[in-house]
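The values are calculated or read from the model by the stated rules, or taken from the named source; none is laboratory data. Please read these numbers as outputs of a predicted model, since none were measured by experiment. Heads up, the Cβs are rebuilt from the backbone with ideal geometry, glycines too, and the neighbour counts pull from every protein chain shown.
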Amino acid sequence: MEAFSGTAENKIKFTRPMEHSGPWLLQLGDVRESAKVWLNDQYLGTLWSNPYQITIKNLKKGKNSLRIQVTNSGSNRIKAKEARGESWKIFYEINMVSLDYKPFDASTLDILKAGLLEDPLLTPLEISER
């Protein structure tokens with residue numbers, strides 16, 4: 001799993017938590033690195049920076065389904081390939097070096113966290129009267 005690079009999908013079915021007919025805020029918390037969100041099979045959008053949150057306008061009474069696809073960066077996979085001695089550098093006419101101008105060795109990179117790192121939070125939003 002430490003070498004995984006790609007997209008993982010999270011799904012949940014839930015009942016609307018209260019009788020609130022207005023919009024809701026879905027907060028995903030700490031996400032590494034981007035998330036696509038669907039509610040009841042309707043695509044809501046892609047979240048790619050803090051804050052990882054989106055407004056939901058059509059939360060149904062009763063049962064709802066939430067699907068979140070999280071995609072991480074390729075760093076962990078590159079680290080694993082380098083450590084196994086696999087070829088991954090496909091650059092032409094470039095001399096890849098580290099910040100210290102030494103040959104770049106991805107096997108020394110830190111393992112990065114990936115996925116949804118917190119439980120999503122669904123909060124009713126107040127509608128302001130003007």
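Can you pull out the residues in segment 93-108 that are surrounded by 12 or more Cβ atoms within 10 Å (Cβ to Cβ) and part of a loop (DSSP other than H, G, I, E, B)?
Once the filter is applied, which keeps residues that are surrounded by 12 or more Cβ atoms within 10 Å (Cβ to Cβ) and part of a loop (DSSP other than H, G, I, E, B), segment 93-108 yields Phe104, Asp105.
Do you know which residues across segment 28-52 are surrounded by 15 or more Cβ atoms within 10 Å (Cβ to Cβ), of a type outside the set (A, V, I, L, M) and part of a strand (DSSP E or B)?
Arg32, Ser34, Lys36, Trp38
Just need a number here: residues in segment 32-65 that are more than 11 Å from the chain's Cα centre (by Cα) and of a type in the set (Val, Ile, Thr).
3
Going by the structure shown, is Ile111 touching a strand residue (DSSP E or B) at 6+ places or on another chain (Cβ under 6 Å) and either modelled with pLDDT of 90 or more or assigned to a loop (DSSP other than H, G, I, E, B) (or both)?
no
Considering only segment 1-22, state which residues are closer than 30 Å to Glu82 by Cα, assigned to a loop (DSSP other than H, G, I, E, B) and not hydroxyl-bearing (Ser, Thr, Tyr).
Correct list: Met1, Glu2, Ala3, Phe4, Gly6.
Which one of these is without any contact (Cβ under 8 Å) to a residue 24 or more places away in the chain, closer than 19 Å to Thr7 by Cα, polar (S, T, N, Q) and touching a strand residue (DSSP E or B) at 6+ places or on another chain (Cβ under 9 Å): Ser34, Ser73, Ser49?
Checking each option against the conditions leaves just Ser49.
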